[in-house]
Amino acid sequence: MKNKLRVLYMAFFALLLMTNFSVVQAQTNMDEYMAKWDNTKKYTLDILAKMPDSGMDYKTDPAAMSFKEQIHHVGNAIVGISQGFLKGTDPGFEINLESASRAQLAEYVGKCFDYGKKTIAALSSADAGEKIEVFGNTVSRRQVAALLMDHTSHHNGSAVAYIRVQGAEPPAYVGF
C-alpha cells in the first residue's frame with residue numbers, strides 16, 4: 001500500500017511539474033521572430049562568406065547538394081514556401097546559380113530573406129492562425145513560418161560542416 005501511495009504521489013507531482021512547465025514556457029511573438037529572422041539572414045550570409053572559393057562546389061557525396069546549392073536552396077525555399085503557403089506574390093528576382101558569383105549569390109539570398117520577412121510580416125493574425133494543407137499536414141501559417149526557420153537552420157548546419165571539411169573556420173553561431 002505504501003508503494004502504491006508513493007507511485008501515485010510521484011505521478012501527481014510529475015503531472016504538476018509538466019503542467020507548470022507548459023504554462024511557463026515562453027511563446028515567441030512576431031517582433032522576437034523577426035529579430036531572429038534577421039539574425040538568421042546574417043548568419044547564413046556569414047556562412048557563405050567563410051567558404052573558401054575552392055569549396056563552393058564541394059559535395060559530401062555525389063548525390064548531395066554542393067555548398068553553393070545548399071545556400072541557394074535556403075533562399076529558394078524561403079521564396080517558394082512564402083509564395084505557396086504564406087500568401088506571397090512574385091518576388092521579382094531570380095538567379096542563375098550556374099553563372100552566379102559568390103557576391104551575386106549573397107545578394108540573391110539576402111533578397112530572399114527580405115522577401116520572406118516582408119511576406120511573413122504582412123500576414124494578419126487571422127491569416128497566421130489559418131489552418132492550411134502543407135506537404136500532407138494541416139498546420140497554421142504561423143507553423144509554416146517556423147518551418148522556414150527550421151529548414152534554414154538545417155541547411156546552415158550542413159553548410160558549416162562543409163566549411164570545416166574544407167579546413168576553414170565557420171562563423172561563430174549567435175543565437176539571439
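The values are calculated or read from the model by the stated rules, or taken from the named source; none is laboratory data. A quick note: this is a predicted structure, and the numbers were derived from the prediction, not measured. We place every Cβ from the backbone using ideal geometry, glycine too, and count neighbours over all the protein chains shown.
When residues in the stretch 128-146 are screened for being of a type outside the set (D, E, K, R), in contact (Cβ under 8 Å) with a residue 12 or more places away in the chain and in contact with a strand residue (DSSP E or B) (Cβ under 8 Å, 6 or more places away or on another chain), 5 of them pass. Residues in the stretch 60-96 that are surrounded by fewer than 16 Cβ atoms within 10 Å (Cβ to Cβ), more than 25 Å from residue 162 (Cα to Cα) and hydroxyl-bearing (Ser, Thr, Tyr): 89 only. Can you spot a residue in the stretch 104-111 that is surrounded by fewer than 15 Cβ atoms within 10 Å (Cβ to Cβ), at negative phi and not charged (D, E, K, R)? Yes, the conditions are met somewhere in the stretch 104-111. Quick check: is even one residue across the stretch 133-147 touching a His at 6+ places or on another chain (Cβ under 8 Å) and either under 17 Å from residue 83 (Cα atoms) or at pLDDT below 95 (or both)? Checked the stretch 133-147: no residue is touching a His at 6+ places or on another chain (Cβ under 8 Å) and either under 17 Å from residue 83 (Cα atoms) or at pLDDT below 95 (or both). Confirm whether residue 159 is buried (at least 19 other Cβ atoms within 10 Å of the Cβ) and of a type in the set (Gly, Ala, Ser). So residue 159 passes the test.
When the residues of the stretch 115-127 are filtered to those that are surrounded by 12 or more Cβ atoms within 10 Å (Cβ to Cβ) and free of Cβ contacts under 8 Å to residues at least 40 places away in the same chain, which remaining residue is nearest to residue 79 (Cα to Cα)? The residue in question is 115.
Against the numbered list (1) farther than 19 Å from residue 29 by Cα; (2) surrounded by 11 or more Cβ atoms within 10 Å (Cβ to Cβ); (3) under 17 Å from the mean Cα position of the chain (by Cα), residue 174 comes up short only at (2).
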